[in-house]
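The structure under discussion appears below in the form of structure tokens.
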Amino acid sequence: MSVKISEIIKVIETIAPRALAEDWDNVGLQIGYHQQLIKRVLLTLDVTSEVVEEAVNQKVDLIIAHHPFIFKGLKTLSADHEKGRLITKLIKNDIALYVAHTNLDKAEFGLNDFLAHKLGLETVRSLDPSDPEKFYKLVVYVPSKATEKIVEVFGKNGAGAIGTYDYCTFRSSGVGTFRPLMGSNPFIGKVNTIENVNEDRVEAIVPEGLLRNTINQLKKTHPYEEMAYDVVPLENGRIINQNGFGKIGLLKEPMKGKDFTQYVKKVLNLSTLRGAGILPETVKRVALCSGAGADMIGIAKAKKADVLITGDLKHHDGQRAAENNFWVLDAGHFGTEKCVTECLEAMIIAGLGEKTPELITARGLKDYIFLY
Ligand SMILES: [Zn+2]
């Protein structure tokens, strides 16, 4: 089955909008074009020479990576340099490259949510909902006969999505008035005559990133020449929004601290695990942050987590954990993020269904940190 890159991107960015990415990050389509047809996709954490080699050998059309390949300003694409050589190779072989990084880390149902569920956590919430997307209440006035169509447009475009519900709208009925002026072409009524029409006021919550498109789509469907609508900023974005770095959730049953280390090793398929701080008697509330999340020690402790699982732990992070009587497990940057390929796979299959192109997980995935 072949599908356009734009359709794959839509699936990923509906869950992990590009606007969520950190300012320093570089995400999105890095090589290729949106209309390109894709039959085979290689999923990877990093783009390396081995991964590019594999992509060419496997004749894939697209690589989807977590870590940005083109990150800082490139001065040259000369194939005399490693990066230029790999980019040239990808372009020569018609292989596109797409990156979802901090937007995928921070998305409510992104990588950290995937990791949390892999570890069997329940009632999963954002550990640091520090980046709430702005939400608006969008109100549209519509003749009652066209209300259902308007509700459909709201839902189809992602307006009215709250937690695990979508199509959340509210309507109230009333009478609208208007007078078509000279030069108008009214759907209802006559020029220069004041009209009274039974209308519904339909409203739904819309995140900022979807607002403009939702209004445009509503205008296309709304029967009136001039659609009457209100856009009201909301203060409760933080409550609705579960985006942000890290997750916190509960284990189904409490575990002994020692048993928990074995459990994490087993679930994440690790031969070793580093730790710092004070090992608690039992573990029930678990905080996690994929990649490098030692900065979250403070917030994890404040939220009464029994442990923080992350990667890239440094000496002074361990010291901070010990001084705060808190327990941190370092499952490695690679250890906590290698499941990004499973996460992307599940996301694409759920979004594209039968249209899903062939998905391959890179064999060249590897940890750069060795344990002897
Ligand atoms: Zn990472």
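Odds and ends about this structure:
- Here region 207-282 is treated as a Stokes sphere of Kirkwood radius computed over C-alpha pairs; at 20 °C and 1.002 mPa s its diffusion coefficient rounds to 119 µm²/s.
- Antiparallel bridge percentage (DSSP; both residues within region 1-132; nearest 5): 40 percent
- Taking only the C-alpha atoms of the chain, the Rg (one decimal) and the largest Cα-Cα distance, Dmax (whole number), read 24.8, 86 Å.
- Remark: region 259-372 carries a charge dipole of roughly 200 debye about the Cα centre, counting +1 on each Lys and Arg Cβ and -1 on each Asp and Glu Cβ.
- Spin-label pair D367/D25, simplified geometry with 7 Å Cα→Cβ offset, distance in nm: 2.4 nm
- Take 334-344, 245-255, 33-43, 179-189 and order them by the average number of nearby Cβ atoms within 10 Å per residue, most first; the result is 334-344, 245-255, 33-43, 179-189.
- Per-residue packing, averaged as other Cβ atoms within 10 Å, sorts the ranges 198-207, 284-293 into the order 284-293, 198-207, beginning with the highest.
- Fraction of accessible area attributable to carbon and sulfur, the chain (%, probe 1.4 Å): 52 percent
- Pair-distance profile P(r), taking every C-alpha pair of region 135-240, with 10 angstrom steps and integer %: 15, 45, 28, 10, 2
- If you plug the beta carbon distance of K89 and R18 into 1/(1 + (r/R0)^6) with R0 = 25 Å, you get a FRET efficiency near 0.45.
- For the peptides 161-168, 79-86, residues were scored by their other Cβ atoms within 10 Å and the scores averaged per peptide; the highest-first order is 79-86, 161-168.
- Cross-link reach list, lysines versus K145, counting only Cα pairs under 25 Å and skipping chain neighbours closer than eight places: K137, K156, K190, K219, K220
- Histogrammed with a bin width of 10 Å, the alpha carbon distances of region 283-322 distribute as 34, 59, 7 percent, first bin at zero.
- Dipole in debye (nearest 20) - the chain, about Cα centre, beta carbon charges: Lys, Arg +1; Asp, Glu -1: 180 debye
The values are calculated or read from the model by the stated rules, or taken from the named source; none is laboratory data. Note that the structure is predicted; figures quoted are calculated from it, not measured. Reconstructed Cβ throughout: ideal geometry from the backbone, glycine too, with neighbour counts over all protein chains shown. The protein model used for the area step is the full one, side chains on, heavy atoms only, and it has no ligands, DNA or RNA in it. Shrake-Rupley method; radii C 1.70, N 1.55, O 1.52, S 1.80 Å.
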